[in-house]
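Note sheet for the following structure.
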Amino acid sequence: MKIGAATAGVRLGEILLQEGNKSTHHTQSIEFEYSKISRFLSEESKPSLMPEFLLDLSSKSMKTINGGIFEAREVSTVEMSLEEEIVERPTLNLNDSQVPDEPKPLIKSENTSPVIGIDVSSVRVGESEAGTIYSLRGAIVWREQQDYNYMRCGPLTFYLNDSISRFLNGRSQTSNNMLYAAWSPLNERVLARLRNTLERWMQRYASSKLSKGIVLIDGSLTAGTPDNPIVYLTELLRESRENQNSVIGFSKDTRLCYSGKKITRLLDKSTAPSIINIDRMIAPQFPSSPIKLMGRVYIAKLASGGLPFRVDIDRELSEETAIEAMGQLINSDLVEQGYPETLRLAHILSTFTANEILAIQRHLTIEHGLRLTPKMNLRRSLFGPYGT
């Protein structure tokens, strides 16, 4: 397996987009000389890959800390990758009185189609006395024929504190005397909104460049929270249908439970590839909720010995079309562990490594004149070698 096409004419480039003299955005891309290799991620459409308003927000937020002092996040180069967990979703226990449908075998389609996966990650870079610095990065991975290719956007860095978060969140009525804490629910909410905005933007960008393919996203097709408005997902699904694309969401983890066990356990004894429709068990949980299930919910096990996952497929597609899309996915992408390879690579390429965090910290000291200060260890100061 190779990332990128092993053909003549492949060139790995780096594009620098600058906002004034202070904001630098790096987009890593692969360019192809032969259009038959990649027709839907073309040179002409690169400028729209990163939304300008996010670049502007990044630049403005970082200017507020120019020349300041911050404590760099301590990382070890032994750590291979790091990612922020933003939202802790509550467990949802489904009605035990409902009997789930029997699993159905998935028939591998004879047809293949292009597959594209998108993922975005965020990481905490450091803290000041008044706020926290975060970085975002997104990755798009697509497969045509036998080659995997990718584009990466970022890192895009934001400085968030309560005053900035109140401004971005439109909560000017909140007390200006609120003391900053290293973990602020408001900051976490704004970070989730920024991350979701970048992810939806990249998903729409990728889907607009694809025709008669499969768009894989990380997570469910559920929307309706302040951080994940319905309008963004509605537009993504609508444009995808216009391009005859099938949008499928894979959740790496689910808190849906049935009879005291994770819902994915329903496929423990099933022969792969198989799928079970659990949508009718979940829909009654949101009768009048602002949260909308934009996708029909399944549990799917795509490979023998692989793991089962919650899978959401665009609700506007017919049941037959949705199952056919899953059959095409099995024939078009590697699913050895039950998880599509394009989406797995998108996660790996978007996640920050410890070395990359160190590089971002170094960049901030040069670009914004930030001064590093060691993190104070109160226990070590008080108790010396006994402060463990």
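Values in this text are rule-based calculations from the coordinates and carry no lab data. Note that this is a predicted model, so its numbers are computed, not measured. In this analysis, Cβ positions are derived from the backbone assuming ideal geometry, glycine residues included, and neighbour counts consider all displayed protein chains.
Points to keep in mind about this one:
- Here the peptides 259-267, 271-279 are ranked by packing, the mean other Cβ count within 10 Å, and the order with the highest first is 271-279, 259-267.
- Distance cut-off 22 Å, percentage of C-alpha pairs in segment 181-263 lying past it: 37
- Cα-derived Rg over Rh, computed across segment 256-388 with Rh taken as Kirkwood radius: 1.21
- Among the listed pairs 104/269; 212/292; 261/301, those beyond 19 Å (Cα-Cα): 212/292
- Footprinting exposure proxy ranking of 253, 147, fewest other C-beta atoms within 10 angstrom first, gives 253, 147.
- Nitroxide proxy distance, nm - points 7 Å out along Cα→Cβ at residue 367 and residue 241: 4.0
- Dipole magnitude for segment 259-388: about 1020 debye, using +1 per Lys or Arg Cβ and -1 per Asp or Glu Cβ, origin at the Cα centre.
- For residue 223, the amide hydrogen comes within under 5 Å of the amide hydrogens of 292, 294, counting only partners 5 or more places away or on other chains and with H modelled in the peptide plane.
- Residue-span extension gain [residue 283 to residue 255] - 0.36 nm each, minus C-alpha spacing: 8.6 nm
- Using R0 = 41 Å, the C-beta based FRET efficiency linking residue 319 and residue 52 works out to 0.55.
- Peptides 115-124, 187-196 ranked from most to least packed give 115-124, 187-196, packing being the mean of other C-beta atoms within 10 angstrom over each peptide's residues.
- Between residue 256 and 92, 263, the built amide H atoms are under 5 Å apart, and every one of these is 5 or more places off in sequence or on another chain.
- For segment 288-362, a crude dipole built from +1 on the beta carbon of Lys and Arg and -1 on the beta carbon of Asp and Glu, taken about the Cα centre, is about 380 debye to the nearest 20.
- Residue 146 versus residue 69: modelled label distance in nm, points set 7 Å from Cα along the beta carbon direction: 5.9
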